[in-house]
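Each remark here refers to the structure printed beneath this line.
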Amino acid sequence: MSILLAILVDGVAYGMILFLISVGLSVTMGLMRVINLAHGGFALIGGALAHLALIRLGLPWAVAAGLGVLGTVAVAVVLERAFYRHIYGRPELEQVLATVGLAFLMIASVNLALGSSLLALPAPEWMRGSVDLGVRTLPVHRVVVLAAGAAIALALWALVERSRFGIRLRAAVDDARAASALGIDTGRVYAAAFALGAGLAALGGILGAELLPIEAYYPLRYLVLFLFVVAVGGMGSIAGSLAAALALGVLDTAARYLVPDFGTIFFYLGTMAILAVRPRGLLGRA
Amino acid sequence: MRLALDLALLAGALGLMWIVPDQLAFLTRVLIMILLVLSLDLVVGFAGIATLGQAAMFGSGAYAAALFALHVSAEPLSGLVVGMAAAAGVAFVSGLALLRAKALTLLVLTIAVAEVLQEVANQADTVTGGADGLGGYLMAPLLGAEFDLWGRTGYLYALGVLALCFAFARRLAGSPLGLALRGIREAPDRMHALGTPVYWRLVTVYTLAGGLAGAAGALSAQTTELVSPAAFDFSLSAEALIMLILGGTGRLYGAILGTVLFMAVHHFAAAVDPFNWLFAIGALVLAVVFLAPAGLVSLADRWVRR
Amino acid sequence: MPRRPLRTAALAAVGIVVGWSALAETVRIGVIAPFSGPFARYGEQFQQAVETYVALNGDDPGGHQVEWLWRDSGGPDPGRAKALARELIVSDGVDYLAGFTFTPNAMAVAPLITQAEIPTVIFNAATSTITEASPFFVRASHTLAQLAAPAARHAHGEGARKVVTAVTDYAPGHNAEEAFTAAFEAEGGEVLDRIRMPLKTTDFAPFVQRIKDSGADAVFVFLPVGPPTFAFVKAYNDNALADAGITFYGTGETDETTLEALGDAALGLTTLYHYSAAHDSPENAAFQAKLAELHPGAIANFMSVGAYDGAHLLWTMIEAAGGSDPEAAIEAVEGLEWTSPRGPLKLDPETRHVTQNVYVRRVERDAETGRLVNREVETLPDQPDWGLVGD
């Protein structure tokens, strides 16, 4: 019994990190229909900027994290104007090639500027201890991640499903011409949505850095992980991404507790089984 | 016209043995990669199956050929056939499970297959040597020709296999199956309505292309005389896909052009500045996306038409 | 077969320029290492360490000119490594090969260097059996058994009786686990659990929990340098294993390139390793001073000393045999003893691998610089490669 509870606690805590680092991709890829293989690049940029602010400038953690996210949003706005705008609506393979090329350039730039070693993002003092949950002690850091993940999921859901922005975004994606005829500035909506996706990537990169440390090869090293979460969740569904991230987190954690020697195989076979039953993902739109 | 071009390419490849006799090891790797990318073109370009897992078949062919050389016979041609058969088998079985899926789901499933096989290669170290790799076999002469230090035999061997596989792919593209596949790529629902067994057509081409990828893997295992789990790597699948899109999909020549260009840029840019060669590749990729979105082959088309 | 046409031409050119007085020849060394991709830093460190060695010891061993040819192997890619080695041997006419970060890459060139008789110095790849694959391999780095066996004896000596091993589930991890277990059980200790953690694990909480629940008094750890090590040490700390009375015995986990990123989480960890940048000796001071002068900001770690001592082996071979007598070159270093930045070294003539001290180190913050260091607290002298000696 206690092992089941431990799996659940650890799995959910890990799953929330998966959610944080991949929800941005769910926005760009699911809502905007851009195969964005450079997603991890925005997490890398956010992490690298936060690292600079934290270590080189000695700013407090929260300020550094904020600067990292804002800086990434700024980079994303520029890139959206100069680059992504030109690949919306192109065939999938061209988008794959274009965003991989961009990811290469991001990696090369960070590598040139900061080298290829791990970029330290030490958590602040108050995040370092652990809390006792009875079944299991949980690091405070994970508790913060759980809270942040839940808050982001809720805010995003409200934004996409309930706000005017969400309506405009879905209108712009579904039929850009009709949307602009209705007076929606589709260009600005796209830019805002893209910046949102990139900002979430940066936040996820920074908050997840205790598990997936920031380094130049981050975008390609964890690309498969991002794709899995989005695919299992179902394209374009925030709730689906959350469900998928938690499900994969629990699945992976269960494998590590129960069959560690076959952990990776178990994880992939489990994923395949989920997708066999739900080919469009857990909550994918038909 | 096409035949003339094919023969010119073949003659050019042979000529390289005299022009750059000291680069044959690198060129052999290019040929093997072309074969892998060619197999990918059948899957992605002709049938429209999105995959990031072609390394699954490459690795299966490589391990099968290596195990065959180690335990059964070091004769290369039979090893090649064994590698192809093993890879085609893996492609058939995994294809049965995969090919009902579409888009991102399909992409993720193909990745998962390669990852599972890689983990098996890593785990079953009594059979596969694990992460240290499977080596310890030396290839017997190929039809009486020793595998020499210069790599001449290896180069001719890879070139011969590639030429045969290319001819096969060409025949396949023009066959009823090839035409049906194009129809499926363009309008799957209509083909289905016309009574074409879409799923089985896809499984067939996935299996055949898997065999070609297995040939590439077997060639790699035989010329390197060592296989490691890197043969199943995601990065190999991804690079092959990049090369294919660079060259242009669905054209067969695109596989040659894209692979040669990518590997040449890597080879020479990495020689000039190994730490920053990714800039060169990234710039090349973006240039192609924006200047020749249908791949480099389309540039050649434009030039020919003029 | 015209094996070294370019070298012959170069030799002729040198002969004409220099005249006939010196027997000097140009000796070519090809280095195969990762210069691109996630492991690019290793190649960079090799190059920096070699330049440092040359700056300290002169660029003309035995009066010969030396030319270095650097080739990028990317990651573990035996096909590429072998193709590069072939090219270096047949077209560039190298007399020596060196480098090799990954075992498969080194294994792939074994038949080639045996056939072409090219002495090859391994700067890193750490599987014991490599040097058995060709008589022309010599190794300047370490093997996992060389570290894990002393770690087991030391842990037992410090009172550990029940341990858990936690290693990454791939060949080097298996080597470390087997060597540790054998040595620990030979001491009379008990290994309660052998945990193998998948290579691609990013969350180590479940494994750390299992260690915590095992009732062991120590854990022996091996993980590849980089993200896995980082995440494991974080998990060890987050779950307060040290407070639960479970001592950490590691190997390269607190490597100097990971240490700063780990930060305070690493404080107090015990590792057994063959080199610490904080090693207190004139040789190490000279090495680090020169390295810092040539490459400001460069980090000295096991990769750099592997290459630095590898360069020493190359220089010794070239002094003794130039570029034309491979067997004499190998003979010249068999049994060679010298003092390296890491301490006294000896190339064991049986295994062609270095016998060296293994140091027990503890991570602490240096009072002067404020940086984290691996402080050596105990020396276990003259450890051979227990992976081959034990056979």
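Each value in this text was obtained by applying a stated rule to the coordinates, not by laboratory testing. In this text, all values refer to a predicted model and were calculated from it rather than measured experimentally. Cβ atoms come from the backbone with ideal geometry, glycine included; neighbour counts cover every protein chain shown.
Here are a few things to note about the model shown:
- Sites C:D325 and B:V93, calculated FRET efficiency, Cβ-Cβ separation with R0 45 Å, nearest 0.05: 0.25
- Neighbour-count ranking [beta-carbon atoms within 10 angstrom, fewest first] of B:Y155, A:Y218: B:Y155, A:Y218
- Hull shadow area, averaged, chain B [alpha-carbon convex hull, nm²]: 16.8
- Pairwise Cα inverse-distance average, inverted: Kirkwood Rh of region B:247-306 (Å): 12.1
- Summary of the geometry: region A:21-46 and region B:236-296, compared by the centres of their Cα atoms, lie 23 Å apart.
- For C:K82, the lysines whose Cα falls under 27 Å of its own Cα, not counting residues fewer than eight places away in the same chain, are C:K200.
- Considering only the Cα atoms of region A:89-158, their convex hull presents on average a projected area of 9.0 nm².
- Cβ-derived FRET efficiency at R0 22 Å, B:A11 paired with B:L77, nearest 0.05: 0.35
- Taken over the protein assembly as shown, the alpha-carbon convex hull comes to 173 cubic angstrom per residue.
- The Stokes-Einstein estimate for region C:37-119, based on a Kirkwood radius over Cα pairs and taken at 10 °C with 1.306 mPa s viscosity, is a diffusion coefficient of 115 µm²/s.
- Set of region B:1-43 residues, backbone N closer than 12 Å to the point 7 Å along the Cα-Cβ line of B:A163: B:6-15
- Likely footprinting exposure, A:V144, B:V116, fewest C-beta neighbours within 10 Å first: A:V144, B:V116
- Computed from phi, the 3J(HN,Hα) profile of region C:245-258 under the Karplus parametrisation 6.51, -1.76, 1.60 (θ = phi - 60°) reads x, 9, 6, 9, 10, x, 10, x, 4, 9, 3, 4, 7, 9 Hz, with x in place of Gly and Pro.
- Partners of C:K212 within straight-line reach, counting lysines whose Cα lies under 18 Å from its Cα and excluding those fewer than 8 residues away in the same chain: C:K162, C:K234.
- Estimated dipole of the protein assembly as shown in Debye, rounded to 20 [Cβ of Lys and Arg +1, of Asp and Glu -1, Cα centre]: 5020
- The helix-only estimate of mean residue ellipticity at 222 nm for chain C, built from DSSP H runs of length n ≥ 4 each weighted as -39500 (n - 2.57), is -13000 deg cm²/dmol after division by the residue total.
- Across region C:132-212, C-alpha contacts under 8 Å between residues 6 or more apart give a mean separation that, scaled by the residue count, equals a relative contact order of 33 percent.
- Over region C:235-346, the hull volume per residue, using the convex hull of the C-alpha atoms, is 136 Å³.
- FRET efficiency, 1/(1 + (r/R0)^6) with R0 45 Å, evaluated for A:A147 and B:V127 via beta carbons: 0.45
- Simple label model, 7 Å out from Cα along Cβ direction - B:S298 to A:A276, nm: 3.9
- Stokes-Einstein D in µm²/s, Kirkwood radius over Cα pairs - region B:136-210 at 20 °C with 1.002 mPa s viscosity: 141
- Across region A:63-75, computed HN-Hα scalar couplings (Karplus, 6.51 cos²θ - 1.76 cosθ + 1.60, θ = phi - 60°) run 5, 4, 4, x, 4, x, 5, 5, x, 5, 4, 4, 4 Hz from first to last residue, x flagging Gly and Pro.
- Judged by the mean number of other Cβ atoms found within 10 Å, the most tightly packed of the peptides A:12-23, C:199-210 leads the ranking A:12-23, C:199-210.
- Positive end of the dipole of region A:134-286 (Cβ unit charges, origin at the Cα centre): among A:A181, A:L225, A:A244, the Cα lying farthest that way belongs to A:A181.
- Annotation: amide H of C:I122 within the under-5 Å range of C:V138, C:R139, C:A140, sequence separation 5 or more or interchain, hydrogens built in the peptide plane.
- Between C:D382 and C:E187, residue separation times 0.36 nm minus the direct Cα-Cα distance comes to 68.3 nm.
- Sequence-distant residues sharing a close amide H with C:T355 (under 5 Å, placed H): C:K346, C:L347, C:D348
- A simple spin-label model places pseudo-atoms 7 Å from Cα toward Cβ; at A:L258 and C:E368 they are separated by 5.6 nm.
- Take every Cα pair under 8 Å whose residues are at least 6 apart in sequence, average their separation, divide by the length of chain C, and the relative contact order is 17 percent.
- For C:F35, the residues whose modelled amide H falls within less than 5 Å of its own, excluding neighbours fewer than 5 places apart on the same chain, are C:S73, C:G74.
- Computed magnitude of the charge dipole of region B:180-306 (debye, nearest 20; Cβ of K, R +1, Cβ of D, E -1): 640
- Only one residue of B:L299, B:A169, B:F26 has its Cα farthest out toward the positive end of the dipole of chain B, where Lys and Arg carry +1 and Asp and Glu -1 on Cβ, and that residue is B:L299.
- Dipole magnitude of region A:69-193, debye to nearest 20 (Cβ charges: Lys/Arg +1, Asp/Glu -1, about Cα centre): 200
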